[in-house]
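The values are calculated or read from the model by the stated rules, or taken from the named source; none is laboratory data. Note that the coordinates shown come from a computational prediction; the quantities given were computed from them, not determined experimentally. FYI the Cβ positions are ideal-geometry reconstructions off the backbone, even for glycines, and counts take in every protein chain you see. Keep in mind that these areas ignore ligands, DNA and RNA; they rest on the heavy atoms of the full protein, side chains included. Shrake-Rupley method; radii C 1.70, N 1.55, O 1.52, S 1.80 Å.
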Amino acid sequence: DRRQRQMCIRDRSKICRKEGLELRKNLPGYLLMAPAVIAILALSVYPLFRGIYLSFLNYNLVRPNDPAFNTFAGLQNYIDIFKDKVFIQSIGNTVKWTVINLVVQLVAAMLLALALNQKLKGRSVYRTLILVPWAVPHAIAAMTFTFLYNANVGIINILAVKLGMITESVSWLGNVGSAFWCVVLVAIWKGIPFQMIFILAALQGISGDVYESAEIDGASRWQCFWKITLPIIKEPLAISTILNLIGIVSCFNTIWLMTKGGPLYSTEIIYTYAYRRAFIDHNFGTAAAASVVLFVFMAVFSGVYLKMVSEKE
């Protein structure tokens, strides 16, 4: 027993010394990582938990002297937003906005990536031109398209009238039936290059020998894409889609600068609703509750998508 105890003590001391040596050895690396970790905790993790905490408080800055200010509200903020017809409409708009943007951008990016992966003359020029929309800031893109949609001097109205498509100028962003689709068009135009570059990078990592072997076996182009290309690029495609999803749902600048959620809340999504409640109505409790709902929406959507693309054991 004594020998066993002494051996255990020696083994523990060796392990402790080894861990101490590894800690000293890796200390410079930990110190270099520390600023990034602190920044992530301060700018991402803390605001997330702070927002969840605020969603359960009576935090209306319009009434700071109210005895109930900054007190626990339970689920009242969530009850209030789900009773609000504007919030219910924003949920529907968010789902429609996300699905349309995600599907159209994914299909268009895939087609462009497949085309640019071929041996084309001037392929580098085409790649550069396609990346231009992604490089344009959201504010510049929103202001440019707002001018293009203008009922008086917008080039879209001028061309449409001259071509006989419409008889008179239309206020595209002031019309309930067209405002949503006009903003969606801008988001699609800006979002396609981001996902295309991910898909193109994944396609270039596939060896040409795989396709040559498949063609020798008599596989068609569609079979090569469905049985070879898609399974190989599935993981980078999932990552790019999740990142694109985050960008689509949090696309605040484009909508706010072009329509501010109007007309009649036809372009209002949860993000703009939360911003309106926080910085216009100054009710940070309900704004935080709306943000938590948006976070849950994104988490569920991402989880379902990852489940769909995950490999079976």
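Can you confirm whether segment 149-171 contains a residue that is crowded, with 16+ Cβ neighbours inside 10 Å and under 23 Å from the mean Cα position of the chain (by Cα)? If you could, list the steps in order and put the result at the bottom.
Going through segment 149-171, the residues crowded, with 16+ Cβ neighbours inside 10 Å turn out to be 149-150, 154, 156-157, 160, 169-170.
From what's left, under 23 Å from the mean Cα position of the chain (by Cα): none.
Within segment 149-171, not a single residue is crowded, with 16+ Cβ neighbours inside 10 Å and under 23 Å from the mean Cα position of the chain (by Cα).
Suppose we filter segment 59-84 for residues that are open to solvent by 70 Å² or more (accessible area, probe 1.4 Å) and either closer than 25 Å to Val183 by Cα or touching a residue at least 12 places away in the same chain (Cβ under 8 Å) (or both); how many remain? Residues meeting the conditions: 6. Cβ-Cβ distances below 6 Å connect the following pairs, each with a first residue in segment 211-236 that is under 17 Å from Tyr305 (Cα atoms), a second residue that is surrounded by 13 or more Cβ atoms within 10 Å (Cβ to Cβ) and among the small types (Gly, Ala, Ser), and a separation of six or more residues or different chains: Ile233/Ala202; Pro236/Ala202.
Checked against (1) among the charged types (D, E, K, R); (2) in a helix (DSSP H, G or I); (3) over 26 Å from Pro137 (Cβ atoms); (4) open to solvent by less than 70 Å² (accessible area, probe 1.4 Å), Arg276 passes all but a single condition, namely (3).
State the number of residues belonging to segment 161-177 that are at pLDDT 85 or above, touching a helix residue (DSSP H, G or I) at 6+ places or on another chain (Cβ under 6 Å) and more than 13 Å from Thr146 (Cα to Cα). Residues meeting the conditions: 1. When segment 85-122 is filtered for residues that are in contact (Cβ under 8 Å) with a residue 12 or more places away in the chain and in a loop (DSSP other than H, G, I, E, B), only Asn117 remains.
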